[in-house]
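Right, one structure below, let's go through it.
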């Protein structure tokens with residue numbers, strides 16, 4: 001009986017060790033599949049357009065923003081491994097349409113209310129691959145603008161991958177989508193300025 005007990009304990013010890021090694025290997029593999037990027041604002045841009053008087057498109061941009069992107073690997077079926085994350089923060093007062101008088105008006109309570117709501121944020125809640133579309137992600141997240149938070153889902157194209165001059169990993173993204181400003185409480189001038197606002201986000205991000 002003593003020999004059997006010792007043998008069983010030995011088998012249990014070996015089995016436990018193997019199980020721990022497998023769990024550890026899985027954890028290492030998953031962490032190796034995660035890459036964090038920081039947005040290079042010098043090579044990125046957030047622009048928007050609105051139609052004026054139903055005739056012409058007026059364009060603007062935001063000059064101050066920051067953000068982080070975490071990309072995970074894909075599994076054997078091509079789906080994103082859970083854990084990808086996108087976060088953006090945009091300073092509303094940095095709005096720039098090339099006309100200072102108009103920019104001051106946009107910063108006022110008629111539009112962005114930049115003093116009351118100084119930051120526009122987007123926080124991703126889910127990132128997954130787009131079926132049948134190579135290098136296109138479907139990103140769902142909470143957009144908070146003018147004190148109103150709404151969940152939106154947008155397509156994001158991975159526009160390229162490369163190595164920088166110092167060997168750092170680079171990745172590019174671009175997304176174009178439309179929101180209704182009225183849904184965020186921005187209803188001033190609805191007769192002359194379109195409700196639909198098209199936004200383009202073009203990003204270069206770096207992993208060092």
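Computed from the coordinates by the stated procedures, all read-outs in this text should not be read as laboratory data. Keep in mind the model is a prediction, meaning the values are calculated, not measured. Using ideal geometry, Cβ is built from the backbone for each residue, glycine included, and neighbour counts are taken over all protein chains shown.
Key figures for this structure:
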read-out: Near-label residues of the stretch 171-208 by backbone N, under 15 Å of a point 7 Å along Cα→Cβ of residue 163; value: 171, 207-208
read-out: Per-pair calculated FRET efficiency, R0 = 45 Å: residue 70 and residue 190 via Cβ, rounded to 0.05; value: 0.70
read-out: Computed FRET value (nearest 0.05) for residue 113 with residue 36, which takes r as the C-beta separation and R₀ as 35 Å; value: 0.60
read-out: Rg(Cα)/(2.2 N^0.38 Å) for the stretch 34-207, N = residue count; value: 1.09
